[in-house]
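Okay, structure first, notes after.
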Amino acid sequence: MTERPQRQMFEPGTTIDDLKEYMAPFVARLGYKFNTETEFVDEVLESELEILADTGDIYCPCRVRSGDPKEDAKIVCPCIPFFRDEFAGLRKCWCGLFILAGVEDGGELLGVMDEPDGDVDVPVFLASDVPEGQIRHVKVGKTSIAVAHAPDGFYALSNVCRHAFGPLGEGFMDGCHVMCPWHGWRYDVRDGTTDHPNADVRTYPTTERDGVVFVKMRISAKR
Ligand code: SF4
Ligand code: FES
């Protein structure tokens, strides 16, 4: 399977161009791109370089660090994997440094916006990153899902096997079925059904647009 984007550490002397070179392909694989407002992008990245000089890492310029290294690791830029659902609802990351790949005018998304509420198409990965016959675990907010590439397209279902909570996203694909890696229960990825009674798993509508796979999730502003 294609490698997932890897996090890179930066040293003093890093430039804005270095950050762009690392970040552009990283976020593209998550369905995002840099904001079309190029001056704004440079300002945000300049702030990140100042934070790098002060703290040793490229923490988000628009979030407050808690002091807890585990929590703060979630706001090292680009933080999109930790906030997929929220950002998909906003169509941008909090700062607006990145926007969904399909947004044409990032200038419309600058500034504070209402919290998203309702059904949102959340980009999860590039279709080319998960070949047919593969399945991948993806965390969307607090929800763990498994996204499978079956012979007739992509399907998303709960990552949690109903037998003993095995990770279906680490299972083995056989046509339109995934076999749980722990004890072999089989689920149809198209509708979440299994031969075991009362043990079907939830599925989520999935689409593919412009080479990106999206999973429809319900998110609430009252989280
Ligand atoms: S909100 Fe945007 S700028 Fe801030 S860390 Fe996340 S991706 Fe980077
Ligand atoms: S946990 Fe999935 S088959 Fe046992």
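Please list, in order along region 193-200, the HN-Hα scalar couplings obtained from phi with the Karplus expression 6.51 cos²θ - 1.76 cosθ + 1.60 (θ = phi - 60°), rounded to whole Hz, x for Gly and Pro.
7, 9, 6, 7, x, 6, 10, 5
Starting from 0.36 nm per residue, how many nanometres of slack lie between GLU11 and SER220 once their C-alpha separation is accounted for? Before the final figure, lay out each step's value.
Details: separation 209, 0.36 × 209 = 75.24 nm, distance 3.84 nm.
The GLU11-SER220 span can extend by a further 71.4 nm.
Quote the convex hull volume per residue of region 124-219, based on C-alpha atoms, as a whole number of Å³. Write down the numbers at each step before the final one.
On the way: hull volume 8.5 nm³, N = 96.
Given the Cα convex hull of region 124-219, per-residue volume reads 89 Å³.
Students often check this: by mean Cβ neighbours within 10 Å, which of 100-106, 123-129 ranks highest, and how do the rest follow?
123-129, 100-106
Would you list which lysines come within 16 Å of LYS33, measuring only between C-alpha atoms, while excluding same-chain residues fewer than 8 positions from it?
LYS20, LYS92
Which value does Rg/Rh take for region 16-115 over its C-alpha atoms, Rh per Kirkwood? Walk me through the numbers on the way to the answer.
Values: Rg = 12.8 Å, Rh = 13.7 Å.
With Rg and the Kirkwood Rh in hand, the quotient comes to 0.93.
Along the three principal axes, how long is region 64-169 when you take its alpha carbons, biggest first, rounded to the nearest angstrom?
44, 37, 25 Å, listed from the longest principal axis down.
Once both axes come from the Cα atoms, what is the angle between helix 16-28 and the longest principal axis of the chain, in degrees from 0 to 90, rounded to 10?
The answer is roughly 20 degrees.
Let me know the volume per residue of the alpha-carbon convex hull for the chain, in Å³. Working shown, then result.
On the way: hull volume 30.1 nm³, N = 223.
Spelled out: Cα convex hull of the chain, divided by residues, is 135 Å³.
Solvent-accessible area of THR193, probe 1.4 Å, all protein chains present, reported in Å² to the nearest ten, please.
Looks like 50 Å² after rounding.
Please compute the modelled spin-label separation between HIS137 and MET113, points set 7 Å along Cα→Cβ, answer in nm with one decimal.
3.0
Using modelled backbone amide H atoms (1.01 Å from N, in-plane), which distant-in-sequence or interchain residues come within less than 5 Å of GLN134's amide H?
For GLN134, the qualifying residues are HIS149.
Taking the Cβ-Cβ separation of ASP195 and ASP68 as r and a Förster radius of 45 Å, what is the calculated FRET efficiency to the nearest 0.05?
On the way: r = 45 Å, r/R0 = 0.99.
Taking R0 as 45 Å, the efficiency between ASP195 and ASP68 is 0.50.
Where only protein heavy atoms count, and the probe is 1.4 Å, what is the accessible area per residue for region 139-196 in Å²? Could you put the intermediate results ahead of the total?
On the way: 2770 Å² over 58 residues.
Computed with neighbouring chains in place, this is 48 Å² per residue.
Run the numbers on region 16-115 and let me know its relative contact order in percent, using alpha-carbon pairs under 8 Å that are six or more apart.
32
Taking Cα pairs under 8 Å and at least six residues apart, what relative contact order does the chain come out at, in percent?
Reported as a whole number, the value is 17 percent.
Read phi for every residue in region 177-182 and hand back ³J(HN,Hα) as whole Hz from Karplus 6.51 cos²θ - 1.76 cosθ + 1.60, θ = phi - 60°, with x for Gly and Pro.
10, 10, 9, 4, x, 8
Relative to the first principal axis of the alpha-carbon coordinates of the chain, what is the inclination of helix 38-55, with its axis defined by its Cα atoms, in degrees from 0 to 90 and to the nearest 10?
90
With a 1.4 Å probe and every protein chain left in place, work out the accessible area per residue of region 16-115 in Å², rounded to a whole number.
Values: 4960 Å² over 100 residues.
On a per-residue basis, 50 Å².
The values are calculated or read from the model by the stated rules, or taken from the named source; none is laboratory data. Please read these numbers as outputs of a predicted model, since none were measured by experiment. Methodologically, a virtual Cβ is constructed for each residue, glycine included, from the backbone with ideal geometry; neighbour enumeration extends over all protein chains shown. Accessible surface is based on the protein model in full, side chains and every heavy atom, while ligands, DNA and RNA are left aside. Shrake-Rupley method; radii C 1.70, N 1.55, O 1.52, S 1.80 Å.
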